[in-house]
Structures are given as C-alpha cells and as structure tokens.
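This is the structure, below, for whatever I ask next.
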Amino acid sequence: MSQQMIRSLDETLRRFRNHGISSDARQRQASGQWYYEMVAAGIQLPASDIVCALGIEQLKKLDGNLARRREIAKPLHSVVCGNSGCDSAHP
C-alpha cells in the first residue's frame with residue numbers, strides 16, 4: 001500500500017470516527033475556528049470492556065487460526081485452480 005493510499009485511508013477513517021466532521025475539535029480549538037463541515041456520514045460506537053477483552057483473547061489465537069484456514073484452503077485452491085496458474089494471494 002502506498003503512502004498516499006495510507007494517508008487517504010487514515011483521513012477517511014478519522015472523518016468516519018468524528019461523525020463525518022471535516023476537522024476534529026482540537027484542531028478547531030487550536031486555530032480558534034468554530035466552523036466545520038459534515039462531509040460524510042459518520043458513526044462512533046465505543047466498545048464495551050467485555051468486547052475489548054474478547055477481542056484481546058481472539059488476537060492471541062490469530063496466528064493459529066490463520067494457519068488452520070490456510071491448511072483448509074490449500075486443497076480447495078488446488079482443485080479450483082489446478083495448474084492453470086490462478087492469481088491468488090494465499091493458496
């Protein structure tokens with residue numbers, strides 16, 4: 001992913017997090033600006049402590065889960081693609 005794409009994605013996600021507002025409150029306060037634009041629909045759904053704890057535990061299992069998925073996908077990939085040289089990122 002190029003730096004340009006990363007910056008664009010970062011801006012989009014921050015705007016989404018800020019309810020679609022084009023600048024965050026700290027930026028507006030620092031510049032003495034009160035005006036802002038709603039340039040996109042946004043949402044903010046804070047995760048509960050329980051959801052965060054579950055996510056942390058699932059992240060600990062990520063490597064094993066990915067290895068197992070790749071193990072399952074390998075024979076399926078060979079059946080679907082055979083020797084035709086399918087362009088696939090993960091066999």
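Local charge sum around GLY55 (other residues, Cβ-Cβ under 13 Å, Lys/Arg +1, Asp/Glu -1)?
0
Below 15 angstrom from the Cβ of ARG69, what's the summed charge of the other residues (Lys, Arg +1; Asp, Glu -1)?
Surrounding charge for ARG69 is +2.
So, in nm, how far is label LYS61 from label GLN33 when the simple model puts each one 7 Å beyond its Cα toward the Cβ?
About 4.5 nm separates the two model spin labels.
Laboratory data are not the source of any read-out in this text; all were calculated from the coordinates shown. Keep in mind it's a predicted model, so treat the numbers as computed, not measured. Cβ sites come from the backbone with ideal geometry, for glycine too, and all protein chains shown count toward neighbours.
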